[in-house]
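Everything on this sheet refers to the single structure shown next.
Rule-based calculations on the coordinates, nothing more; no lab input. Every value quoted in this text rests on a predicted model; they were computed, and no experiment measured them. A quick note on method: Cβ atoms are made from the backbone with ideal geometry, for glycine too, and the neighbour counts reach across all protein chains shown.
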Amino acid sequence: MKLTCIQDNLKKSIQACEKVVTKRNTLPILNNLLLEADKNSLKIEATNLEIGIIAKIGAKVEKTGRIAVPAKLISSFFSNLPSGEKISLETDKEENLKIKSGSNKTIIKSNIADDFPLIPLKVKEFILKIPAIFFRMIFSKVSPAIAINEARQELTGFNLILKEEELFWAATDSFRLSEYKLERKNIEVDEAEYMRVAQNGSEIIIPFNVLAEINRIISTDLNMEDNNKINISIEEGQIFFEFNRIKIVSRLINGKYPEYKHIIPNKYETKLICDKITLQNGIKLAGLFASGNSNEIRLKIDSQKKNVFLLASGSETGENSTELKYDVHGPSQEVVFNAKYLLDGVLAVSTKEVMILINNDTSPIAIKEVSGKTKEELNDFIYIVMPIKK
């Protein structure tokens, strides 16, 4: 293998792929990146057998070939290498990788490329093409409710429900629930593929890790514009993503996602419209004094005086009380929350104001976004949090 390419392009692709490599790999070859030169391009691959990623960059190839190099080493090497216009890669007689950039010359001990596992490639057409701005918005709103504990594997992923007019993205850890509704008219859909997947089972569970990797890559890629598309294909227990010359494949999570729609109340007794910034600051202050392992704070609403109090106390911390003047509709309420769970829901809101909907101190509480002009609730996003029962 012998080639030259733009150093910054190579560095960016290596760093995108290297994050997939985990320290827990039991197969030594999985600790490597596969570099493959073919025609006018260099392909970089990484996999942990659950997620596979392929990045492709343009290169002037004098000799084709493939080589496996330690992922952490080559990523750290490029992180510390001064920026340069071009870089040359070449394998020597011992099949090690020789790198030359400016005055720097390096040889990296390599491994047998034939041992590197094949990364599956999609066969079907793309079912969805989602603008990057929508993907990032969905990820930021839904991911706070993902379960960290792997005791229930299905809760560690995003549940995607394909309906005729909309797609629902949801996550829950059984203490809170986050759901975002994406209307089909706002994205590109291959009708035949969409119906094929929907008929074979309209729900899939996508591992959180693969969506987090995609979000990381598109958030740090300066060339990734908001209107660039994330192309998605689903087939035979796998999901494929493609964008900006990067391909990612992941296994879907087997299992049945819990039926969550029934826990969302159809109506609410009390409605509270709050300024997002003052509310989140009040929750943060109360959280400093929250008591117990459940991080308890109290939301007290007086509908007659139009007062809202955030209260917290702890035997080792002291007390905190914040009075907020907000629009209150409905009867007075007093509800105890986990401060972090409540704050996560407020932070996920994109609008200037937040709507909190309550029935009583034991029923699920909803957080929604608010229209800036009409003050009406927006129904694309909902965050449900369970109160702490006393």
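Exposure proxy for GLU164, GLU179: other Cβ atoms within 10 Å of each Cβ, ordered fewest to most, give GLU164, GLU179. Ordered by the count of other Cβ atoms within 10 Å of each Cβ, fewest first, THR106, THR172 give THR106, THR172.
Against the chain, whose longest principal axis is taken from its Cα atoms, helix 7-18 shows a tilt of about 60°. Among the listed options (i) 29, 61, 11; (ii) 25, 45, 26, 5, 0; (iii) 23, 36, 22, 16, 3, the one matching P(r) over Cα pairs in 20 Å bins from 0, in percent as calculated from these coordinates is (ii).
For the range 304-386, which GluC sites (Glu not before Pro) are both in a DSSP coil and crowded by at most 16 other Cβ atoms within 10 Å? Counting only loop positions with at most 16 other Cβ atoms within 10 Å, the GluC sites (Glu not before Pro) in the range 304-386 are GLU316, GLU376.
Each part gets one Cα centre, and for the range 296-326 versus the range 260-282 those centres are 16 Å apart.
Between THR317, THR374, THR91, the residue with the greatest mean-square fluctuation in the GNM of the chain (Cα pairs under 10 Å linked by springs) is THR374. Projecting the Cα atoms of ILE264, GLN304, ILE246 onto the charge dipole of the chain (Cβ charges, centred on the Cα centre) puts ILE246 farthest toward the positive pole. Of LYS229, LYS267, the sequence from fewest to most neighbouring Cβ atoms within 10 angstrom is LYS267, LYS229. Calculated mean residue ellipticity, 222 nm, the chain: -6000 deg cm²/dmol, from DSSP H runs (n ≥ 4) at -39500 (n - 2.57) each, averaged per residue and rounded to 500.
To the nearest ten degrees, helix 71-80 and the longest principal axis of the Cα atoms of the chain are 90 degrees apart.
For the chain, the longest principal axis of the C-alpha atoms and the axis of helix 191-200 are separated by about 70°.
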